[in-house]
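The values are calculated or read from the model by the stated rules, or taken from the named source; none is laboratory data. Small disclaimer: the values here were computed from a predicted structure and weren't measured. All Cβ positions, glycine included, derive from the backbone under ideal geometry; neighbour counts span all protein chains shown. Note: areas computed on protein heavy atoms with side chains; ligands, DNA, RNA excluded. Shrake-Rupley method; radii C 1.70, N 1.55, O 1.52, S 1.80 Å.
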Amino acid sequence: RPQDLDHASLLVIASAFARFNIRTQRLWPVLGEWLLQSHLDFSAQDVGAVFNAFSTVDFEHKELFQTLLLSLSQEPLLSEASPSTLCLTFNAMVRLNWPRGHEAMEGLNVLVDKVSGRLADFDPVGLTQLLHACARFRPLQKKTQLVEGILEQCGEKIPEFPAQSLSLLVNSCARLQQKDVNLLTKVAKSAAPLLPEFTPQALAVTAYGFAKLEVRSEILFYLLAEQIVQKIPLFSGQGIGMVLQAYGKLHIDNKKLVQTCRKHLRSLSDELTLWEVDAIEDGFKQLDALDSWTETL
């Protein structure tokens, strides 16, 4: 019964069910109602945790969300919200593709203004999470001041970026079509010694992002190829397609890379989707590397 549970207990329940991705149909509407009844006891961190839990299981409770966003966009929670809470909330909204109504958008605008004024307080991980949210959520894409502020802070803190954040930064710039050559040059320089830490997905995304923005770095792409060749058994068809398209678009012909990809594709041929086949074929064509086997894919 809701009267037997305080707000902290409800948060624990929501977080636990979300962590194990339990999507029982009757659970989340009821849990949302109970959380709504106790929302006055929430801290800013609690609000972020609720958004994160509901977005993890992809369940939208409009009344709860509107109430929590209104609370977070007003004092005292607005001043209380930490950079990590704001990042968590923004990325939860992206996963939910919410807010959409005028009233809720007003609350989002207040949070955007708050974040824009505090960007110096965000660490590299937080900055790239924010930029990732902007890249994936159209209402945030339109916030030019926020996007430019994030990019400026990223440029100042690039030497502090871990491997995963560098990859996410390139991916977000590509999505936003932000061709900041100075920033991407810094990324290439910082990424080079960290490439052994990149996952196969991060290697593919990084190559694809640079190519999409038409920023060519011979040294970076040579080092990327070395790592891709070493980690090729872990690559999916999608990853190989992205790699081949990237090298093809920039006309960087690394024969060892091409041959390694071709060899690995033979083991994946029965698993490839139509999109992956098209991407792979496109990459080989741009590299003038199609052969009789790849043409039959």
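Things worth noting here:
- Surface composition of the chain: carbon and sulfur atoms hold 49% of the protein heavy-atom accessible area at a 1.4 Å probe.
- Computed from the Cβ-Cβ distance with R0 of 30 Å, the FRET efficiency linking Glu60 to Asp282 stands at 0.20.
- Prolate/oblate/rounded call for region 26-106, Cα gyration tensor, a/c under 1.5 rounded: rounded
- Only alpha carbons enter this Debye calculation for the chain, each as an equal point scatterer, and the log10 of I(q)/I(0) it gives at q = 0.10, 0.11, 0.14, 0.16 Å⁻¹ is -0.65, -0.76, -1.02, -1.15.
- Cα centroids of region 222-242 and region 243-257: 11 Å apart.
- Region 162-200-region 65-117 distance, computed between alpha-carbon centres (Å): 27
- On the principal axes of its alpha-carbon atoms, region 1-136 has extents of 44, 28, 28 Å, going from largest to smallest.
- Other residues lying with their Cβ under 12 Å from the Cβ of Gln153 contribute a combined charge of -4, Lys and Arg counting +1, Asp and Glu -1.
- Cross-link pairs Lys157/Lys186; Lys114/Lys189; Lys231/Lys256; Lys231/Lys285; Lys231/Lys255; Lys143/Lys249 - those with Cα-Cα distance over 20 Å: Lys114/Lys189; Lys231/Lys285; Lys143/Lys249
- Burial ranking of peptide ranges 31-42, 64-75 (average Cβ count within 10 Å, highest at the top): 64-75, 31-42
- FRET efficiency estimate (nearest 0.05) - Cβ-Cβ, Ala120 to Ala192, R0 22 angstrom: 0.25
- Cα gyration tensor shape for region 120-279, rounded if a/c is under 1.5, else prolate or oblate: prolate
- Packing around the peptides 83-90, 99-106, taken as the average count of other Cβ atoms within 10 Å per residue, puts them in this order, highest first: 83-90, 99-106.
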